[in-house]
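What follows is calculated from the coordinates using simple rules that are stated; it is not laboratory data. Only a predicted model underlies this, so the values are computations on that prediction, with no experimental measurement involved. Note that we place each Cβ from the backbone using ideal geometry, even for glycine, and neighbour counts take in every protein chain shown.
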Ligand SMILES: [Zn+2]
C-alpha cells in the first residue's frame with residue numbers, strides 16, 4: 001500500500017499527545033472497543049446492553065443457574081481484581097472470577113485464620129468490579145468525547161456504580177428490564193466527584209431510568225463483543241511466582257514449598273514470614289500501599305465463594321489505629337502541585353503510605369506521567 005504523500009508528522013503529532021489509555025493489563029480489549037471512564041461532575045445518558053456469555057463459570061450463573069447461562073445474553077460481567085501484585089504492582093484478575101483456584105486468595109484465607117488484621121487482609125483479597133457494555137447516548141458534559149451510538153466498555157468498582165443501580169432497581173422493580181436491547185431504558189447518571197480515603201473519583205450518585213430514544217436490533221446485538229472473552233486469567237503458578245517472588249519456580253519447588261507451608265501451619269505462633277520460599281508476598285509495599293483509588297475501603301472476600309452481589313460499604317471495618325492514622329487531607333490544605341505530606345509532588349507518587357490518604361494523588365500521577 002502506498003501512503004498518501006503527507007507531512008512528516010501527519011497523523012502523529014495528535015496521537016502523541018493523546019492521553020494514554022488506562023492500563024487494562026487484566027483485560028484484553030478488542031481494538032475497536034473504547035473504554036468509558038466516568039469523570040466527576042458530569043451527567044451522562046447511556047444504554048447498558050447485554051453480551052453473549054461464553055464462560056460457563058460466570059459468577060452470576062453460580063448464584064442463579066438460569067442467569068448468565070453460556071450462549072445466552074446477560075447484562076454484566078462481575079470481576080475480581082487483585083491490586084498491586086508483584087514487584088511491578090500490577091492488577092490481575094483473580095482466577096476465582098472464572099471458577100479457578102487462586103494462590104493469593106488461598107494465602108489470604110490462611111492469613112485470616114492466623115488472625116491477620118483487616119489492614120493486611122484487604123490488601124490481599126480481590127476487589128469487586130463489574131464490566132458493562134454501554135452505548136453513550138448523551139455524553140456532552142464529558143471532557144473526553146465519547147462516541148455516541150458506539151459501544152464502549154465500563155469497568156467500575158461495584159460500590160461506585162453497580163450498587164447504585166441496585167438501589168434504584170429496588171426502589172422500582174419496573175426498571176429492572178433496563179438492559180433489554182429491544183425494550184430497555186436509558187440510564188441518566190450523574191457522576192459526582194467523591195473522595196474516599198486518599199482519592200477523588202467518579203461515583204454514580206444519581207441514576208434515573210429514562211425512556212430510550214431508540215432501541216436496538218438483533219444485528220447490533222450480535223455484533224457486540226463478549227465481555228467474558230476480554231478477561232485475562234494468568235496461570236496459577238504464574239500468579240504464585242509473581243506474588244511470592246519465586247523466580248525460576250519449578251514443578252519440584254512447588255511441591256516442596258507447599259509441603260513447607262503445611263508443616264508451618266501445624267506449628268503454632270511461630271512467625272511465618274521468613275523467606276520467599278515460604279510464600280510471603282514479594283514486596284511488603286503492597287501490604288502498605290492501598291490498592292487503587294476506589295477500591296480502598298472494600299470489604300474482605302469470603303473465601304473463594306462468590307459474595308452477595310450488592311454489598312454496602314457500611315461494613316467497612318477499621319482498627320482504632322487506622323482511624324487515627326487515616327486522617328483525610330482537606331482540600332484547603334493542599335496547595336497546587338504540592339504534596340500535602342511533604343514528599344515530592346509528581347515524583348514520589350505511590351511511594352508512601354501517605355499516598356493512600358492523599359486528595360491530589362490523581363494529579364500527582366498525571367504530573368509523574370508528564371515528566372516521563
Ligand atoms: Zn484471588
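Every condition in (1) assigned to a helix (DSSP H, G or I); (2) under 15 Å from the mean Cα position of the chain (by Cα) holds for residue 156 except the one numbered (1).
Listed here are the residues, each with its yes/no results for (1) within 16 Å of the ligand (Cβ to nearest atom); (2) surrounded by fewer than 21 Cβ atoms within 10 Å (Cβ to Cβ); (3) touching a residue at least 12 places away in the same chain (Cβ under 8 Å); (4) over 20 Å from residue 132 (Cα atoms).
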site: 54; (1), (2), (3), (4): no, yes, yes, no
site: 57; (1), (2), (3), (4): yes, yes, yes, no
site: 72; (1), (2), (3), (4): no, yes, yes, no
site: 85; (1), (2), (3), (4): yes, no, yes, yes
site: 92; (1), (2), (3), (4): yes, no, yes, no
site: 95; (1), (2), (3), (4): yes, no, yes, no
site: 101; (1), (2), (3), (4): yes, yes, yes, yes
